[in-house]
Amino acid sequence: MHIAILEDDPVQRELLTLLVQQGRHTCKGFETAAMFQAGVQAETFDLALIDWMLPDGNGGEVLQWLRKTVGWQLPCIVITAREEEPVTVAALEAGADDYIVKPAKPLELLARITAASRRARPGQLPVLRAGEYEIDITRQRLAMAGQPMELTQKEFDLAVCLFQNMGKLLSRDFLLDKVWGVSTEVDARTVDTHVSRLRRKLKLDGTHGWKMVSVYGFGYRFERVDG
């Protein structure tokens with residue numbers, strides 16, 4: 001998922017960013033309500049994490065604006081250091097889907113993100129995002145830098161498998177099982193051929209922030225290129 005983080009404290013914002021990324025999500029941080037409002041109108045997000053106390057307002061005002069402007073399809077979780085019951089009630093009445101008291105516990109935060117998204121989109125498969133790449137599993141579409149890519153069904157299935165396992169060492173047997181099925185008659189060379197084609201089509205050489213790394217005698221790792 002692609003998550004908007006509204007948090008004015010740079011340390012807390014960086015911490016939330018790290019936690020979100022550990023859950024294999026992408027995100028963008030905003031330090032004021034005004035910046036957040038401009039951001040969600042210019043870019044599509046799957047969920048928002050909103051601090052309650054802000055330099056130019058509060059989370060309740062942001063939530064009310066969000067529900068009137070964007071609607072109810074965007075799940076929102078309020079994160080704040082205040083745990084008084086009136087604040088919790090105010091957040092939920094303003095339109096929050098959930099509420100977390102700082103400091104956010106990593107596993108709890110990721111679980112609540114998943115739960116809020118699931119409630120908002122029951123039965124809907126996710127849109128996977130990583131930098132300039134976006135995969136809409138439901139519509140069977142993959143875009144790079146906003147441009148739809150032409151892929152065969154197996155290339156698309158392989159791309160989904162890779163984006164769902166970013167940073168992991170994947171054997172050829174694992175990819176054969178996930179993409180072609182356990183009863184397939186094809187061999188490991190088929191995996192190599194499709195990986196080569198996908199690497200070329202999607203430019204997975206590091207130029208767009210991601211690369212496909214061959215691991216001799218084993219398989220592949222799909223990883224981010226920092227810097």
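Place a point 7 Å from Cα of residue 70 in the direction of its Cβ. Which residues in segment 48-62 have their backbone N less than 17 Å from it? Those under the cut-off are 48-54, 57-62.
Each principal axis of the Cα cloud of the chain was evaluated for its coordinate range; sorted largest first, these ranges are 62, 32, 29 Å. Placing a label point 7 Å from the Cα of residue 161 along the Cα-to-Cβ direction, the residues of segment 196-227 whose backbone N falls under 11 Å from that point are 220.
Could you compute the net charge surrounding residue 53? Neighbours are other residues with a C-beta less than 9 Å from the C-beta of residue 53; K and R count +1, D and E count -1. Before the final figure, lay out each step's value.
Values: positive: 82; negative: 8, 51.
Charge balance in the 9 Å sphere: -1.
Annotation for residue 150 and residue 43: the two label points, set 7 Å from Cα along the Cα-Cβ direction, are 3.1 nm apart. Partner aspartates and glutamates whose Cα lies under 20 Å from the Cα of residue 201, excluding those fewer than 8 positions away in the same chain, are identified as 132, 134, 136, 150, 155, 157, 192, 223.
Each distinct pair of alpha carbons in segment 5-68 adds a 1/r term; the inverse of their mean, the Kirkwood radius, is 11.9 Å. Under 17 Å of direct C-alpha separation, and excluding same-chain neighbours fewer than eight residues apart, residue 168 reaches these lysines: 178, 211. Here the label points at residue 203 and residue 188, each 7 Å from Cα along the C-beta direction, are separated by 3.2 nm in the simple model.
The peptide list 57-63, 34-40, put in order of mean Cβ contacts within 10 Å with the highest first, becomes 57-63, 34-40.
From the largest down, segment 127-224 spans 35, 27, 19 angstrom on the principal axes of its Cα atoms.
We did not get these values from a lab; they are worked out from the coordinates using the rules stated. Quick caveat: nothing in here was measured; it's all calculated off a predicted structure. In this analysis, Cβ positions are derived from the backbone assuming ideal geometry, glycine residues included, and neighbour counts consider all displayed protein chains.
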